[in-house]
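The values are calculated or read from the model by the stated rules, or taken from the named source; none is laboratory data. Everything numeric here is computed off the predicted structure, so don't read it as measured data. Cβ placement follows ideal geometry from the backbone for every residue including glycine, while neighbour counts extend to all protein chains displayed. These accessible areas exclude ligands, DNA and RNA; they are computed on the full protein's heavy atoms, side chains included. Shrake-Rupley method; radii C 1.70, N 1.55, O 1.52, S 1.80 Å.
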Amino acid sequence: MKQILRFTLLFIPLFSLAQLKSPSEFLGYELGTQFTSHHEVVDYYQYLAEAEPQRMKLIEYGKTNERRPLLLATISTKENMQNLEKIREEHMKGLNGEGTPDKAIVWLSYNVHGNESVSTEASMQTIYDLFTTKSSYLEDVVVLIDPCINPDGRDRYVNWYNQFKNSPNQVDPNSKEHHEGWWSGRSNHYMFDLNRDWAWLTQVESQQRLKQFNKWLPHVHVDFHEQGVDNPYYFAPAAEPFHEVITDFQREFQVTIGKNHAKYFDENGWFYFTKEVFDLLYPSYGDTYPTYNGGIGMTYEQGGSGRAGLGIITSIGDTLTLKDRIAHHHTTGLSTIEVASKNVTKLNEEFIKFYKNKNYKYKSYVLNGNPDKLEALTDLLSKHEIKYKVGDNSTVKGYNYATGKSGSLKSSHKSIIVSTDQAKSTLVKVLFEPTAKLSDSVTYDITAWSLPYAYGLDAIASESNVTGTVSSSQNISSEIAKDDSYAYLADWNSMKDARFLAELLRNKIRVRYAHKPFTLDGISHDRGTLIITKSDNKQVKNFNTILTNASKNHNKTITSTNTGFVESGKDFGSGYVDVIQDLNIAVLSGEPTSTLRFGEIWNFFEQQLNYPISVLDEDYFSRVDLTTYDILILPDGWGYKGFLSTHIKEKIKNWVKRGGKLIVMGGAIDALTSSDKDFTIKEKEIEKDSTNTISSFEVSEREQIKSAITGAIFKATVDNTNPLAYGYDDTYFTLKLGDRAYKYLENGSAVYLSEGANQPVSGFAGSEAKKKIAETLIFGTEEMGRGQIIYMVDNPLFRGFWENGKLFFANALFMVK
Ligand SMILES: [Zn+2]
């Protein structure tokens, strides 16, 4: 007895110390039999970090909109972890073509789409195996694991599923647990797709993650996803088109990795496909972005997603379970690390090679324009660790973005010069070049995104290295509100100006704005100029402080004047000077709208403009008293047909006629206005090619793209006397996402494609689509009774990155009367 007791005391505690708990042991249920809540995932990673302090480092790199922690685990052998910072520094020397690195860096990102929820489950088994059965992989590899890129979306899905799941779970695909509905967990809190945001960094998750990513720039990055239930599994190599900057090695190594995965899948009799659907072009994905930063970026897609639950019957009658899905993602995760561990030298050599001078055709991009827009651009560049300079006084020749021909531009200390003679040259080329060269035109995403167009800047792409000096940031010295001023003036031509206005309105400051250009104190002011008078704001306590703070907060110049008597134009008391009131604004959400298009508007108000908005869901919309609102927004979407009953249409129209302002976007336009005489907007029809052709079944995909514009840039004409276009020049580069086509509005065509403007300046457009969009409306206004309707055929808020479109949206809110 005594002996046994001694045995117990000596051995059991030692044994339990040594044995790491698997996810199943830690969570108290077998992995794959439940969905794990995000906080439980966090608990498991924290447990591992405590149990394996010598082999793991866990950081919280940020928080989501809903305050969930964002985690990054770094793991390797004890020895490597002791030298972690040295390993990182040696690896990063590669950006200068230097260093003698001898470790491979692999980064695994899980669950960017929240309802593709197998990922995070698989991550737990993968990290556990790396500490136990597969620890040999770590000898020459540092593995970074982000267990959940999108915790808000994932928990939205998991909580929903747990509420509606049958007990035991039901594999019948008709059961509720397989029908997640509109407010799905795919996107983040603001319904943004985080796998479209790597380059634009509009979301907090992306912004915080990129800081970590830039510290490591891994050799290999995997983004784990899920696709439809009936698809088996997709892994590298990716599909065409590949961007031309992708190196031969990057292509080849995708094949090496794919073959290794295939070996395991073949052994298990699992199905998979490669080289299809998922291309490498658009730079804002979790596969392309790391690729343009020198890594092997890949997307892995398991069949399942928000539809699959814990188990579902597929169309061929098999049952797909969460356990199967975990097994597959777990296998490819480990297989990726295995391949990396066997190719450490090659990966390091090629990474250094990637960062050697590429000798791209365009050596410098020179940009001029509105200082606010330049500032917005340099903010983005800094986040990507892209260096830029300011110009000296010289004339730069090259490709002119505005004309599409060779031209020249004066470079000054106000110009920004971005050179490809820097570590991030490939990323610079991809983001700035006028047109991305495609190896094929069939892609499932936009084909153009060039930043000079997106930011509305004049630009030249030069084939020579343009000199410049390192910029020093300068603060605008604004004339701060004084007691003896009659009014203060502020210009209106950027999102920054809109944010400044929004702050004033939130503080109940009354602001006027000019419908006609005017000259005062020898200075000319454009349409849209904000006029903040003292007498309008007599009742406002701390008027001067509010104004001064707003000016400081937005680094915004305001000028004071002692008179409202203008030298030319209209005086401040004129009918051509309108008052902007604090507004009540609502947006429709739910089935009629697209989650993404709704989310862009929601995010615009709360994170960009900082102005309140009410969200009206379709299911109680008919009961809402619209007279409470000044503005109603109908986002783009495909589901309006069922929603817009005669009753709802009449309700909306009556509200407009009594003075409401309606903003109608994309697909909502057709659904609301077609065959209704109250609206003057008319769709443009074209005769279909009537020749009776026959083509083989196989080429049909190519035939389809004739009528496609998946995302291309067109040069539009702007009527900047229309309040919808205040603050703009006479041209605007619009990102077209389809062939929606409306005729010009009689007096209200603020932005439109003029004759001959149906050729994209950048990106791909099919021949039929080009015919259809010729001479059509982009943005316009129409009066109805005492109210206004604003049409947005194109989407100025698309993915939150088309910076130069945002002022149109602000104009629709504040300038259109
Ligand atoms: Zn996905």
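Structure data summary
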read-out	value
Centroid-to-centroid separation of segment 64-130 and segment 336-410 [C-alpha atoms, Å]	26 Å
Full-extension gain in nm, residue 413 to residue 523, via 0.36 nm per residue minus C-alpha separation	37.3 nm
Degrees between helix 543-553 axis and first principal axis of the chain (Cα, 0 to 90, nearest 10)	50 degrees
Spin-label pair residue 139/residue 786, simplified geometry with 7 Å Cα→Cβ offset, distance in nm	8.2 nm
Cα coordinate range in segment 193-308, projected on the principal axes (Å, largest first)	40, 36, 24
Largest-first principal axis extents of the Cα set of segment 277-359 (Å)	54, 30, 17
Net dipole in debye of the chain [+1 Lys, Arg Cβ; -1 Asp, Glu Cβ; about Cα centre; nearest 20]	1560 debye
Given charges at beta-carbon only (K, R positive; D, E negative), |dipole| of segment 276-375 in Debye	400 debye
The chain: Cα Rg divided by the 2.2 N^0.38 Å rule of thumb	1.02
Of 514, 589, 120, farthest towards positive along the dipole that unit charges on Lys, Arg, Asp, Glu beta carbons give the chain	514
Antiparallel bridge percentage (DSSP; both residues within the chain; nearest 5)	65 percent
Extreme residue, positive dipole direction of the chain, given options 104, 382, 548 (C-beta unit charges)	548
Contact order normalised by residue count of the chain, Cα under 8 Å, 6+ apart, percent	10 percent
Along each principal axis, Cα extent of segment 559-696, largest first, Å	75, 40, 32
Qualifying GluC sites (Glu not before Pro) in segment 79-177, DSSP loop, other Cβ atoms within 10 Å at most 16	98
Most to least packed among 242-255, 180-193 [average Cβ atoms within 10 Å]	180-193, 242-255
Estimated [θ] at 222 nm from DSSP helical runs (n ≥ 4, -39500 (n - 2.57)) normalised by residues in the chain, nearest 500	-9000 deg cm²/dmol
Computed Kirkwood radius, in angstrom, where 1/r is averaged over Cα pairs of segment 118-189	14.6 Å
Computed lengthening from residue 657 to residue 721, 0.36 nm per intervening residue step minus Cα-Cα distance	20.7 nm
Cα-based Rg and Dmax for segment 334-399, where Dmax is the largest Cα-Cα distance (Å)	18.9, 55
Ellipsoid equivalent to segment 84-132 - semi-axes via the Cα gyration tensor, in Å	31, 15, 6
Quarter of Cα convex hull surface for segment 706-817, i.e. mean projection, nm²	6.6 nm²
Order of exposure, largest accessible area first, which applies to 346, 556 with probe 1.4 Å	346, 556
Charge dipole magnitude, Cβ of K and R +1, D and E -1 - segment 544-619, Cα centre, debye nearest 20	520 debye
Low-density loop cleavage sites - GluC sites (Glu not before Pro) in segment 749-817, where at most 16 other Cβ are within 10 Å (DSSP)	755, 775
Three-way shape label, segment 4-161, alpha-carbon gyration tensor, a/c 1.5	oblate
Accessible surface, 1.4 Å probe, highest first, among residues 622, 419, 406, 119	406, 622, 419, 119
Å² per residue, accessible surface of the chain at 1.4 Å	41 Å²
Calculated log₁₀ intensity ratio I(q)/I(0) where the Debye formula runs over C-alpha points of segment 72-170, q = 0.11, 0.20, 0.23 Å⁻¹	-0.46, -0.98, -1.11
Inter-centroid distance (Cα atoms) of segment 728-788 relative to segment 251-273, Å	46 Å
Cα long-axis angle, helix 2-18 against the chain (0 to 90 degrees, to the nearest 10)	40 degrees
